[in-house]
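Asker: Quick one: the structure is below, and I'll ask about it shortly.
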Amino acid sequence: MQARDQMLKEIEHETRTTRDRIGRDRLSPGVMEAMGRVPREEFVPADMADRAYDNRPLPIGQGQTISQPFIVALMTDLLDPEPGDRVLEVGTGCGYQAAVLAEVVGEVWSIETIPELGNAAAQRLARLGYDNVHVRIGDGSQGWPEEAPFDGILVTAAAPEIPEALVEQLEPGGRMVIPVGGGGMGQDLRVVSKDAEGEVSSRSVLPVAFVPLTGS
Ligand code: SAM
(Lines give C-alpha, C1' and ligand atoms only; values in the text may rest on other atoms or scores of the structure.)
Protein backbone atom coordinates (compact mmCIF):
# COMPACT_ATOMS: atom_id res chain seq x y z
CA MET A 1 0.00 0.00 0.00
CA GLN A 2 1.19 3.50 -0.82
CA ALA A 3 2.41 5.47 2.24
CA ARG A 4 -0.25 8.12 1.61
CA ASP A 5 -3.07 5.52 1.62
CA GLN A 6 -1.67 4.05 4.81
CA MET A 7 -1.74 7.53 6.40
CA LEU A 8 -5.41 7.91 5.44
CA LYS A 9 -6.20 4.52 6.99
CA GLU A 10 -4.48 5.57 10.22
CA ILE A 11 -6.46 8.82 10.29
CA GLU A 12 -9.69 6.82 9.85
CA HIS A 13 -8.62 4.45 12.62
CA GLU A 14 -7.72 7.25 15.05
CA THR A 15 -11.02 8.98 14.25
CA ARG A 16 -12.89 5.81 15.24
CA THR A 17 -10.89 5.28 18.44
CA THR A 18 -11.52 8.90 19.58
CA ARG A 19 -15.15 9.13 18.36
CA ASP A 20 -16.64 9.51 21.83
CA ARG A 21 -14.53 12.62 22.41
CA ILE A 22 -14.56 14.20 18.96
CA GLY A 23 -18.26 13.52 18.37
CA ARG A 24 -17.91 11.98 14.90
CA ASP A 25 -17.24 8.49 13.48
CA ARG A 26 -15.58 9.71 10.35
CA LEU A 27 -14.19 12.89 8.90
CA SER A 28 -15.87 14.46 5.87
CA PRO A 29 -14.95 13.01 2.46
CA GLY A 30 -13.77 16.45 1.30
CA VAL A 31 -11.25 16.71 4.14
CA MET A 32 -10.01 13.15 3.60
CA GLU A 33 -9.60 13.80 -0.13
CA ALA A 34 -7.62 16.94 0.67
CA MET A 35 -5.37 14.91 3.00
CA GLY A 36 -4.84 12.48 0.13
CA ARG A 37 -3.98 15.23 -2.34
CA VAL A 38 -1.47 17.41 -0.45
CA PRO A 39 2.10 16.10 -0.97
CA ARG A 40 3.34 16.04 2.66
CA GLU A 41 6.85 15.08 1.53
CA GLU A 42 7.18 18.62 0.11
CA PHE A 43 6.64 20.11 3.58
CA VAL A 44 9.14 18.09 5.65
CA PRO A 45 12.94 18.43 5.61
CA ALA A 46 14.51 16.44 2.74
CA ASP A 47 16.16 13.94 5.09
CA MET A 48 12.72 13.01 6.49
CA ALA A 49 10.93 12.52 3.19
CA ASP A 50 10.74 8.75 3.78
CA ARG A 51 8.76 9.42 6.99
CA ALA A 52 6.54 12.13 5.51
CA TYR A 53 3.36 10.00 5.70
CA ASP A 54 3.91 8.66 9.21
CA ASN A 55 0.95 9.66 11.38
CA ARG A 56 3.13 11.74 13.70
CA PRO A 57 4.56 15.24 14.01
CA LEU A 58 8.07 15.82 12.62
CA PRO A 59 10.64 18.57 13.30
CA ILE A 60 10.79 21.36 10.67
CA GLY A 61 13.63 23.44 12.19
CA GLN A 62 13.62 26.50 14.48
CA GLY A 63 12.36 24.23 17.29
CA GLN A 64 8.98 23.84 15.52
CA THR A 65 7.04 20.90 14.11
CA ILE A 66 4.72 19.91 11.30
CA SER A 67 1.59 18.65 13.07
CA GLN A 68 0.45 15.02 13.14
CA PRO A 69 -1.71 14.24 10.06
CA PHE A 70 -4.66 13.05 12.20
CA ILE A 71 -4.67 16.35 14.10
CA VAL A 72 -4.43 18.38 10.85
CA ALA A 73 -7.38 16.43 9.41
CA LEU A 74 -9.42 16.67 12.61
CA MET A 75 -8.85 20.41 13.08
CA THR A 76 -9.81 21.04 9.44
CA ASP A 77 -12.96 18.93 9.82
CA LEU A 78 -13.95 20.67 13.08
CA LEU A 79 -14.10 23.96 11.16
CA ASP A 80 -16.90 22.46 8.98
CA PRO A 81 -15.23 24.08 5.97
CA GLU A 82 -17.26 25.24 2.95
CA PRO A 83 -15.80 25.89 -0.51
CA GLY A 84 -16.25 29.67 -0.40
CA ASP A 85 -15.00 30.19 3.16
CA ARG A 86 -12.33 32.69 4.17
CA VAL A 87 -10.11 31.16 6.84
CA LEU A 88 -7.35 32.53 9.06
CA GLU A 89 -4.59 30.20 10.24
CA VAL A 90 -2.28 31.23 13.10
CA GLY A 91 1.08 29.39 12.95
CA THR A 92 1.98 28.71 9.30
CA GLY A 93 5.03 26.59 10.18
CA CYS A 94 5.96 24.76 6.98
CA GLY A 95 2.59 25.53 5.35
CA TYR A 96 1.12 22.00 5.37
CA GLN A 97 -2.08 22.83 7.27
CA ALA A 98 -2.54 25.93 5.08
CA ALA A 99 -2.31 23.72 1.97
CA VAL A 100 -4.93 21.29 3.35
CA LEU A 101 -7.22 24.24 4.14
CA ALA A 102 -6.61 25.71 0.67
CA GLU A 103 -7.96 22.48 -0.84
CA VAL A 104 -11.33 22.80 0.93
CA VAL A 105 -12.05 26.53 1.36
CA GLY A 106 -11.94 29.61 -0.85
CA GLU A 107 -9.10 31.64 0.63
CA VAL A 108 -6.58 31.20 3.46
CA TRP A 109 -4.69 33.89 5.37
CA SER A 110 -1.87 32.44 7.43
CA ILE A 111 0.45 34.19 9.92
CA GLU A 112 3.80 32.92 11.15
CA THR A 113 5.96 34.61 13.75
CA ILE A 114 9.32 33.09 12.68
CA PRO A 115 10.38 34.81 9.42
CA GLU A 116 12.57 31.91 8.18
CA LEU A 117 9.63 29.48 8.44
CA GLY A 118 6.98 31.86 7.09
CA ASN A 119 9.04 32.96 4.10
CA ALA A 120 10.00 29.38 3.21
CA ALA A 121 6.34 28.30 3.55
CA ALA A 122 5.14 31.14 1.31
CA GLN A 123 7.65 30.14 -1.40
CA ARG A 124 6.76 26.44 -1.07
CA LEU A 125 3.01 27.10 -1.29
CA ALA A 126 3.50 29.32 -4.36
CA ARG A 127 5.69 26.67 -6.03
CA LEU A 128 3.01 24.04 -5.42
CA GLY A 129 0.35 26.29 -6.94
CA TYR A 130 -1.56 27.26 -3.78
CA ASP A 131 -2.32 30.77 -4.98
CA ASN A 132 -5.31 31.07 -2.61
CA VAL A 133 -2.99 31.16 0.45
CA HIS A 134 -1.62 34.50 1.71
CA VAL A 135 1.22 34.35 4.25
CA ARG A 136 2.46 37.14 6.42
CA ILE A 137 5.06 37.39 9.18
CA GLY A 138 3.81 38.66 12.53
CA ASP A 139 2.07 37.93 15.81
CA GLY A 140 -0.98 35.89 14.88
CA SER A 141 -2.50 36.21 18.35
CA GLN A 142 -3.68 39.63 17.12
CA GLY A 143 -5.22 38.09 14.00
CA TRP A 144 -5.27 39.82 10.61
CA PRO A 145 -7.71 42.73 11.21
CA GLU A 146 -7.48 44.10 7.64
CA GLU A 147 -8.92 40.86 6.25
CA ALA A 148 -11.42 40.11 9.06
CA PRO A 149 -14.03 38.81 9.62
CA PHE A 150 -13.27 35.15 8.91
CA ASP A 151 -15.66 32.20 8.54
CA GLY A 152 -13.12 30.05 10.35
CA ILE A 153 -9.95 30.53 12.43
CA LEU A 154 -7.53 27.68 13.04
CA VAL A 155 -4.73 28.14 15.60
CA THR A 156 -1.87 25.63 15.45
CA ALA A 157 0.00 26.64 18.63
CA ALA A 158 -1.31 26.42 22.20
CA ALA A 159 -2.66 29.64 23.71
CA PRO A 160 -2.80 30.15 27.50
CA GLU A 161 -6.33 31.44 26.90
CA ILE A 162 -8.54 32.16 23.90
CA PRO A 163 -7.23 35.42 22.35
CA GLU A 164 -9.97 38.07 22.41
CA ALA A 165 -8.72 39.62 19.13
CA LEU A 166 -9.35 36.33 17.36
CA VAL A 167 -12.87 35.98 18.79
CA GLU A 168 -13.62 39.50 17.53
CA GLN A 169 -12.40 38.60 14.03
CA LEU A 170 -14.74 35.61 13.76
CA GLU A 171 -17.82 36.07 11.56
CA PRO A 172 -21.19 35.40 13.28
CA GLY A 173 -21.88 31.73 12.51
CA GLY A 174 -18.14 31.05 12.36
CA ARG A 175 -15.89 28.70 14.31
CA MET A 176 -12.40 28.75 15.74
CA VAL A 177 -10.41 25.59 16.47
CA ILE A 178 -7.66 26.23 19.02
CA PRO A 179 -5.50 24.32 21.50
CA VAL A 180 -5.70 25.97 24.93
CA GLY A 181 -3.40 25.35 27.90
CA GLY A 182 0.21 25.22 29.04
CA GLY A 183 3.19 23.47 27.49
CA GLY A 184 3.24 19.73 26.77
CA MET A 185 0.14 17.79 27.79
CA GLY A 186 -2.60 19.49 29.77
CA GLN A 187 -3.77 21.24 26.62
CA ASP A 188 -7.28 21.00 25.37
CA LEU A 189 -8.36 21.25 21.74
CA ARG A 190 -11.41 23.51 21.71
CA VAL A 191 -14.03 24.54 19.21
CA VAL A 192 -15.22 28.11 19.77
CA SER A 193 -18.49 28.96 18.01
CA LYS A 194 -20.01 32.39 17.44
CA ASP A 195 -23.73 32.21 16.70
CA ALA A 196 -25.71 34.49 14.40
CA GLU A 197 -26.38 36.87 17.33
CA GLY A 198 -22.68 37.04 18.19
CA GLU A 199 -22.98 34.80 21.30
CA VAL A 200 -19.77 32.85 21.88
CA SER A 201 -19.58 29.32 23.29
CA SER A 202 -16.79 26.77 23.47
CA ARG A 203 -16.47 23.00 23.81
CA SER A 204 -13.49 20.77 24.58
CA VAL A 205 -12.70 18.07 22.06
CA LEU A 206 -9.44 16.26 22.83
CA PRO A 207 -6.25 16.51 24.91
CA VAL A 208 -3.41 17.63 22.62
CA ALA A 209 0.28 18.67 22.76
CA PHE A 210 1.21 21.75 20.70
CA VAL A 211 4.15 24.16 20.82
CA PRO A 212 3.20 27.35 22.69
CA LEU A 213 1.65 30.38 21.01
CA THR A 214 4.03 33.29 21.52
CA GLY A 215 3.25 37.01 21.34
CA SER A 216 0.72 39.10 23.19
N1 SAM B 1 0.53 24.70 10.91
C2 SAM B 1 1.77 23.97 10.87
C3 SAM B 1 1.65 22.73 10.03
O4 SAM B 1 1.00 22.78 9.04
O5 SAM B 1 2.23 21.73 10.32
C6 SAM B 1 2.27 23.61 12.23
C7 SAM B 1 2.70 24.75 12.99
S8 SAM B 1 3.65 24.51 14.42
C9 SAM B 1 2.86 23.27 15.33
C10 SAM B 1 3.17 26.01 15.25
C11 SAM B 1 3.69 27.27 14.59
O12 SAM B 1 3.12 28.39 15.25
C13 SAM B 1 5.20 27.43 14.68
O14 SAM B 1 5.75 27.57 13.40
C15 SAM B 1 5.36 28.71 15.51
O16 SAM B 1 6.48 29.48 15.13
C17 SAM B 1 4.06 29.43 15.21
N18 SAM B 1 3.66 30.45 16.20
C19 SAM B 1 3.77 30.42 17.55
N20 SAM B 1 3.28 31.55 18.08
C21 SAM B 1 2.82 32.31 17.04
C22 SAM B 1 2.22 33.60 16.94
N23 SAM B 1 1.95 34.35 18.02
N24 SAM B 1 1.91 34.06 15.71
C25 SAM B 1 2.15 33.33 14.59
N26 SAM B 1 2.75 32.12 14.63
C27 SAM B 1 3.07 31.61 15.83
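Asker: Out of I71, I114, which single residue is of a type in the set (A, V, I, L, M), within 11 Å of the chain's Cα centre (by Cα) and within 12 Å of the ligand (Cβ to nearest atom)?
Answerer: Working: I114 fails: within 11 Å of the chain's Cα centre (by Cα).
None of the other options fit; the residue is I71.
Asker: Next question, about the same structure. Counting only residues that are of a type in the set (G, A, S) and under 20 Å from the mean Cα position of the chain (by Cα), which one in the range 16-52 is most open to solvent (accessible area, probe 1.4 Å)?
Answerer: Once the filter is applied, the top-ranked residue is G23.
Asker: Another question, then. I need every pair where a residue in the range 58-80 that is over 16 Å from M48 (Cβ atoms) has its Cβ under 6 Å from the Cβ of a residue that is near the ligand (Cβ under 10 Å from one of its atoms) and among the small types (G, A, S), sequence separation at least 6 or different chains.
Answerer: Matching pairs, first to second residue: none at all.
Asker: Sticking with this structure for a sec: Mind checking which pairs have a first residue in the range 196-216 that is within 20 Å of L74 (Cα to Cα) and within 16 Å of the ligand (Cβ to nearest atom) and a second that is of a type in the set (V, I, T) and open to solvent by 60 Å² or more (accessible area, probe 1.4 Å), Cβ under 8 Å, 6 or more apart or different chains?
Answerer: V211/T65
Asker: Identify the residue in the range 19-58 that is among the acidic types (D, E) and in contact with a helix residue (DSSP H, G or I) (Cβ under 9 Å, 6 or more places away or on another chain) and, among all such residues, is nearest to E116 (Cα to Cα). Let's see the steps before the verdict.
Answerer: So the first thing to find is which residues in the range 19-58 are among the acidic types (D, E), and the list is 20, 25, 33, 41-42, 47, 50, 54.
Of the ones still in play, those that are also in contact with a helix residue (DSSP H, G or I) (Cβ under 9 Å, 6 or more places away or on another chain) are 25, 33, 41-42, 50, 54.
Numbers: D25: 38, E33: 30, E41: 19, E42: 16, D50: 24, D54: 25 Å.
The extreme case among them is E42.
Asker: Return the pair list, or none, for Cβ contacts closer than 6 Å from residues in the range 91-117 that are closer than 14 Å to F43 by Cα to residues that are among the aromatic types (F, W, Y), at least 6 apart or on different chains.
Answerer: C94/F43; Y96/F43; A99/Y130
Asker: How many of the residues making up the range 80-101 are more than 9 Å from the ligand (Cβ to nearest atom) and open to solvent by 10 Å² or more (accessible area, probe 1.4 Å)?
Answerer: Residues meeting the conditions: 7.
Asker: Can you give me the number of residues within the range 174-192 that are at pLDDT 95 or above and open to solvent by 60 Å² or more (accessible area, probe 1.4 Å)?
Answerer: 2
The values are calculated or read from the model by the stated rules, or taken from the named source; none is laboratory data. Just so you know, these numbers come straight off a predicted model, no measurement behind them. Quick reminder, even Gly has a Cβ in these numbers, built from the backbone with ideal geometry, and neighbours come from all protein chains shown. For accessibility, only protein heavy atoms count, side chains too; no ligands or nucleic acids. Shrake-Rupley method; radii C 1.70, N 1.55, O 1.52, S 1.80 Å.
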